Amino acid sequence: MHHRPMLELHYGDGYVVTTDAIADAVMRYAKTLAEHKGADLITVPIWTSEGPATSSMLIGPTSQLYTMPHPGPATAIEDESALMDLLSRNDRLVHPPASVSEYPYEEDDPWYEESF
């Protein structure tokens, strides 16, 4: 767990409080989704008055998101796996994996006959 600065991630008529790293990753991913005319359901770690929790949100081309500093103190939220997930999702859109043909073997490959 890290004590990171907290931001309010505004979404719709409300907001959630999360780390600056998560808020930044959500904003980047939302921008990339909008550029690709896509949408995705994400789950992010947040801080509530009762303590750590998670929030699910649908983000896409019409999402209107913005961040603001949260006036409260930095709080420990386990965000590493969620952060890696968001960065990975964004990276897969920006740099899609090369497609593999249905039959990756060539006719002169000794394993070619066995691939069918």
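Rule-based calculations on the coordinates, nothing more; no lab input. Please read these numbers as outputs of a predicted model, since none were measured by experiment. Backbone-built Cβ (ideal geometry, glycine too); neighbour counts: all protein chains shown.
Data table
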read-out	value
Which numbered condition Gly60 misses (of (1) touching a helix residue (DSSP H, G or I) at 6+ places or on another chain (Cβ under 6 Å); (2) free of Cβ contacts under 8 Å to residues at least 40 places away in the same chain; (3) over 21 Å from Arg92 (Cα atoms); (4) not hydroxyl-bearing (Ser, Thr, Tyr))	(3)
Selection within segment 42-57 - closer than 16 Å to Tyr15 by Cβ and under 20 Å from the mean Cα position of the chain (by Cα)	Ile42, Val44, Pro45, Ile46, Trp47, Ala53, Thr54, Ser55, Ser56, Met57
Restricting segment 67-90 to residues that are without any contact (Cβ under 8 Å) to a residue 60 or more places away in the chain and under 17 Å from Thr43 (Cα atoms), the residue that is farthest from the chain's Cα centre (by Cα)	Ser81
